[in-house]
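What follows is one structure encoded as structure tokens, with my remarks underneath.
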Amino acid sequence: MAKISKKRESKKSRKPSKVTNKTTPVKPEVSYDDDDAEVVSEGDENITSEEEEDERKHQKLLEAISALGGKKKKKLAERSEAAVQMSEFTVNAEGEGDKIDLSDLIGTLNKTPAVPKKTKKQLQNLQTKNTIESPLSKQESERIQRDVAFQKSAAEVSRWTSIIKQNQRAEQLVFPLKQEPSGRRPVEKVVCGWKAQTPLEQEIFSLLSVNKQPINDPVLTPKEEASMRAMSLEDARIRRAELQKARALQSYYEAKATRERRIKSKKYHKVQNKAKRKEFLKQFDEMVKSNPAAALEELNKMELSRMQERMSLKHQNSSKWAKSKAVMAKYDGEARKAIQQQLEINKDLTEKLAASLNKEEGEEDEDVGDPEVLPDFVNDAETGSDPANPWMRGKLSAEPAEKEASDCEAPSVAMGNTEEEEDEQEVEETEEEALLREFDSRRKLRQSQESDKDPEMCVTDEEEAEEEHEATATDHPDTSDKEEEELSEFKSLLQGITDSQASRAEMPADAEPTQTSAPLEEGLVRIRTLEDIELLGQEEAPTDEAPAETQEPPSTQAPSSAPEKAKRKRKRAIDVKDVLTKEAKVIRVPLDPTVEDAEELDEKDGQRGLIKEAFAADDVISDFLKDKRKQEDAGKPKVVDLTLPGWGEWGGIGLKPSRKKRKKFRVKVAPPPPPRKDQNLPCVIISESRNSSACAHQVSSLPFPFKNPSQFESTIRTPSGRTWNTERTVKKITKPKVVTRLGAIIEPIAREDVMKDLMKNQKQASAGKHTKGHVDSKNKKKHMNKKKTVTAR
Amino acid sequence: ANSSRPFLSSHQMKVKVLSRNPDDYVRETKLDIQRVPRNYDPALHPFEVPREYTRALNATKLERVFAKPFLASLDGHRDGVNCMAKHTKSLSTLLSGSCDGEVKVWNLTKRECVRTLQAHEGFVRGMVVRFCGNSFFTVGDDKTIKQWKMEAPGYGEEEEPLNTILGKTVFTGLDHHQKEGVFATCGQQVDIWDEQRSSPIRSFTWGVDSFSSVRFNPVETELLASCASDRSIVLYDMRESTPLKKVIMNLRSNTICWNPMEAYYFTCSNEDYNLYTYDMRHLDRPVIVHMDHVSAVLDIDYSPTGKEFVSASFDKTIRIFPRDSGHSREVYHTKRMQHVICIKWSADNKYILSGSDEMNIRMWKANAAEKLGVLSPREREAVNYNQKLKEKFQHHPQIRRISRHRHLPKAIYSQAKELRVMKEARRRKEINVRKHSKPGTVPVVSEKEKHIVTVVK
């Protein structure tokens, strides 16, 4: 109550001037405080002290009147109620009830010099600060606490992210994670858990202890310990590494030296010596410039050795070895060479230094032109073996060629010849003949292809043939003229035969093999010649010389007869182009004629012939082709004819719908299908319709982790079994994802273990950096030293 | 040189002889495998895909043939088995507490009860073995926490607990710290106890009246999680004075289990037939919802490898879920097994132990078709190869059909079917509602978000 009244009073006191004009200055003041309780209390007050009120009103009126006069009188506050903050002297400050600012108090302080500056500053700081806000409610503060705590623990837990991800991606996890290292445990650990129990053991231990031998943990004698202490681990490591390196290098050098020493090849040593000498000469040149005295000494030494050589007969051909070689040199090229080399050495040594320096290349020429020292036959042989001499070469090369011809061809040809002849005589069946003819024609076809596509090979063949021909010519120089005549005859004959064969090849295709796959039938030139000979034998008796020569004609003829053969090819019953929807690729394989092929092929032919006989009635190939064509046709979109006769036109018997109409109502239903898969595969029909029985086993949609079908297909296609992969690969592929040990308790992953590893890694990384820094500083130091030295100079 | 050729050629006649190194084909001992030279030329081994497919199919079939997961049943309890505890140091020891307050210690290798003790009056609510393996704690309906020695008392000694703490309220769950002498109980609130003291060193409350389960994080050992009856899961840090966070779901969670290899993942078994795996940092949305049970899920335990977990349900089945899959890979049931109340995955990742209503504890293989015991290297290789094949061809329809086929009791089968129909109907209705309302007014709520009510900070 007191407070309220006071308030009212203060308000009154504050705004007297404003209120004075109003007739009822108090009432509005009261209603201004919109507190019901206050109003009520006011009422009470009014009732209780009416007299006072009157007095006060009167007083006020007086005051108002006096105020009109313009002078402001200081009014005295009247104490009307009991209040705590009322001054006992009824002193009422003007701004009573207002808050006191700190500045009001400090304002005076600034002026007083007695107050130290520090406190002044502090006070000023205080002045600027706001008041502390009221504390949050319990719920809110708890919530904040919780949030902070959660953030903290979440951050803590997040440290595991990398490890968890790593484990999830790992190809294999082996549990328990904390594995003890396998292998032998260190001695210390083994010894640790063991105590001497028997008297014997105790005795031994006492002995050990007397001798200061270690019993427990680090099994080191005091001396060893001392040595350990003497050198720090790093130093010891570095030193050991150095020693190791030195030892290794030494051993390498030793090994190299012994190896070189053991090399028996004289040539090698010679080369080495030569290299050394060259090196030495180089050095010598330098030495002449830099150190003439030493060079002179060296020169003297060399001169001395030269003199010695000149005096001795060491490298002359007077020694026992040289004589023996000289005897052998007639028959043995190597001996000749050895003698040559010996002489060369002699030459080198006896030569004056200046000369040797000027012309090192001229040695050999001089060597050859040194007839005095050498025996005659040696020289002869030497010149004889000269590769540049055409005379000698001609003579020598004739031999091997001859041999080759005689070795390789003659026997096989002879054998083949005889066999074929026998066959011919014994069985002259029509089918056999037909088969032979087939082969022949096929061969010709292939030959023509080759001659078209492989001109190089033909050329080489020709060359060979020519060479051989030459060889034979040289072999029988007296009969060469005759042979030439024979050859021309033979050529003409053969031409005739091939023509006749071509005409025969036009016969029905039943007998014709349609195996157009060329690669199997490669390198059979020789055999063809044999058969040619055979055929030739029907008309003309084969001579012994013929086989060697018959090689030539077909091969030389091949390019010229190519167009003819192409024509013949077209005439055959089943043409290749009929069979193939697209031209088959001819695989080029280098010709490699072998002798055995002939026999093998004969056997094969026999087999094939049998098969052909057995299935003579079946026309498999044409059936297959028909089938394929049928399938292809079935796949093509069909034209539907929707024309109705009589609509819009006259209809009746003998009347056909007009062309226009037919055109209009012919509808192509579907667009042409994509090209068939077997388009380029002549011998295959790939069915494009979906196979329902296989469908049950196929994956209908792409499984989850795969992004595209090809990915999935490739994973399925790669086999993982032992049939297709090596043992190690299989083990790698089939590695299980989780491995557990039987009977081992798997503990949860422990923070210490993992974090320790992490810490270790970090430490290592930091250590690496540190060492780098160290090195850098070292380098810097070096650099500094250099600088210093430079300056010192 | 040519002149001497005929002379030399007579000496250089070559005779070809078969010569082999016996090291290439002779075994060192007769125990070694015969060396089989192989030619890996792919042309010699055609049709690799069909052949491997056949092998995979056979492997899958054989797996189904050999899938006999049930190993043994341990009977002896006189009331339903309410809780179980794995021994921390011994694989062959299992502890179980029943609804009549009896605790039994089992030897799993012999499959017999080793020790029986009357621990509490009323239910044994929770049970845990201390990390050292020397003692274990039990809590019961008689408001007590008791610590027992693992060793059986000697002849003539009485069976007495090492320690008994009388609490103010009933305790419903118990778990022990991984490395320290601290354990946590739950009941009216979550309490953290020091083993040496008779009053909790810390208790957490957050406006809920009862908790059903509390579990320590085995990796970040200071963290805990609990399930409360107000359908919430609350996280705590032992070092803090307040809980961390809570998430409120549609229905109550029964139990919770942390992944022992992945610090921030835990899974809770819920009354709504599902299990939810959460990342504790993002509680607003579970990582995966595991569905398949057809009744409330009562218990869950992670495999020690953290790759899978097993759940026990009121629908009388046990299911094994891969950690990252929404559906179970395996379901175990027997005719006589009733509601499965508690489940444990053995510490060697080989066995599963289930305690059920009808007083039995059952032992199962974790991998139904696995051969128990030591495998010879060749056997192991074969198993690995078969496993790889099954994995490779798992998407092929025939193989998937065979590998997924499980026989289920009729009730569960029909229930599952019914649930499927219901779910489909709900989905359809939602789609229809969305179709016939203003676009944007009926938002699409994902399955993961559907079950979360709110996250309270």
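The values are calculated or read from the model by the stated rules, or taken from the named source; none is laboratory data. For clarity, every value in this text was computed on a predicted model and none was experimentally measured. Note that we place each Cβ from the backbone using ideal geometry, even for glycine, and neighbour counts take in every protein chain shown. Note: areas computed on protein heavy atoms with side chains; ligands, DNA, RNA excluded. Shrake-Rupley method; radii C 1.70, N 1.55, O 1.52, S 1.80 Å.
With every protein chain left in place, what is the accessible area of B:Cys132 in Å² (1.4 Å probe, nearest 10)?
40
Hey, with R₀ at 51 Å, roughly what FRET efficiency would B:Glu370 and B:Arg202 work out to, going by the Cβ-Cβ distance, to 0.05?
0.70
Extension gain A:Lys661-A:Leu610, at 0.36 nm per residue separation less the Cα-Cα distance, in nm?
12.4 nm
If each of A:Lys195 and A:Glu242 carries a label point 7 Å out from its Cα toward its Cβ, how far apart are those two points in nm?
4.8
Roughly how many nanometres apart are two label points built 7 Å out from the Cα toward the Cβ at A:Lys337 and B:His405?
Placing both labels 7 Å along Cα→Cβ, they lie 8.1 nm apart.
For B:Ser311, A:Ser158, write out the residues from largest to smallest accessible area, computed with a 1.4 angstrom probe and no ligands counted.
A:Ser158, B:Ser311
Going 7 Å from the Cα of A:Arg741 toward and past its Cβ, which residues in region B:328-359 have a backbone nitrogen under 20 Å from where you end up?
The answer is B:346-351, whose backbone nitrogens lie closer than 20 Å to the label point.
Tell me the total accessible area that B and A bury against each other, 1.4 angstrom probe, in square angstrom rounded to 100.
Working: alone 25920 and 63660 Å², together 84060 Å².
Using a 1.4 Å probe on protein heavy atoms, the buried area is about 5500 Å².
What distance in nm separates the simple spin-label points at A:Asp618 and A:Gln166, each placed 7 Å from Cα in the Cβ direction?
In this crude label model, A:Asp618 to A:Gln166 measures out at 6.7 nm.
Keeping to pairs on different chains or 8 or more places apart, tell me how many lysine pairs in region B:292-372 have Cα atoms under 15 Å apart.
So the count works out to 6.
Where does chain B land at 222 nm, in deg cm²/dmol rounded to the nearest 500, when only DSSP H runs of n ≥ 4 count, each adding -39500 (n - 2.57), divided by all residues?
Taken over chain B, the calculation gives -5500 deg cm²/dmol.
Could you give me the ³J(HN,Hα) list for region B:219-231, computed from phi with Karplus coefficients 6.51, -1.76, 1.60 and θ = phi - 60°, whole Hz, x at Gly and Pro?
9, 8, 5, 8, 8, 9, 9, 9, 10, 10, 6, 8, 6
Taking a probe of 1.4 Å, how large is the accessible area per residue of region B:70-373, in Å²?
35
Rounded to the nearest 0.05, what FRET efficiency do B:Thr29 and A:Asn273 give with R0 = 56 Å and r taken as the Cβ-Cβ distance? Could you check?
The pair B:Thr29/A:Asn273 has a calculated efficiency of 0.55.
In region A:665-735, what percent of the accessible surface is made up of carbon and sulfur (1.4 Å probe, ligands and nucleic acids excluded)?
58
Which of the residues in region B:338-376 lose at least 10 Å² of accessible area when you go from the chain alone to all protein chains together (probe 1.4 Å)?
Those residues are B:Ala347, B:Asp348, B:Asn349, B:Lys350, B:Gly373, B:Val374.
Strictly over 32 Å apart at the Cα level, which of A:Lys212/B:Lys179; A:Lys165/B:Lys448; A:Lys732/B:Lys410; A:Lys165/B:Lys86; A:Lys245/A:Lys732 would you flag in this model?
A:Lys212/B:Lys179; A:Lys732/B:Lys410; A:Lys245/A:Lys732
Two-decimal Rg/Rh of region B:70-373 from alpha-carbon positions, Kirkwood Rh? Intermediate results must be reported in sequence, preceding the final value.
Numbers: Rg = 17.9 Å, Rh = 19.1 Å.
A ratio of 0.94.
How big is the dipole moment of region B:70-373 about its Cα centre under a simple scheme where the beta carbon of each Lys and Arg is +1, that of each Asp and Glu is -1, and everything else is neutral? Debye, nearest 20, please.
620
Read phi for every residue in region A:646-662 and hand back ³J(HN,Hα) as whole Hz from Karplus 6.51 cos²θ - 1.76 cosθ + 1.60, θ = phi - 60°, with x for Gly and Pro.
3J(HN,Hα) across region A:646-662, in whole Hz: x, 7, x, 8, 6, x, x, 5, x, 9, 10, x, 5, 4, 4, 5, 4.
When only the heavy atoms of the protein chains count and the probe is 1.4 Å, how do B:Arg428, B:Arg319 rank by accessible area, highest first?
Most to least solvent-accessible, the answer reads B:Arg428, B:Arg319.
Alpha carbon centre of region B:355-427 versus region A:660-689: separation in Å?
Distance between centres, Cα-based: 49 Å.
Taking R0 as 35 Å, what's the FRET efficiency between B:Glu160 and B:Val456 from their Cβ-Cβ distance, rounded to 0.05? Can you show the working numbers first?
On the way: r = 44 Å, r/R0 = 1.25.
Result of the calculation: an efficiency of 0.20.
Measure off, as a whole percent, the carbon and sulfur share of the 1.4 Å-probe accessible area of region B:70-373, all protein chains present.
45
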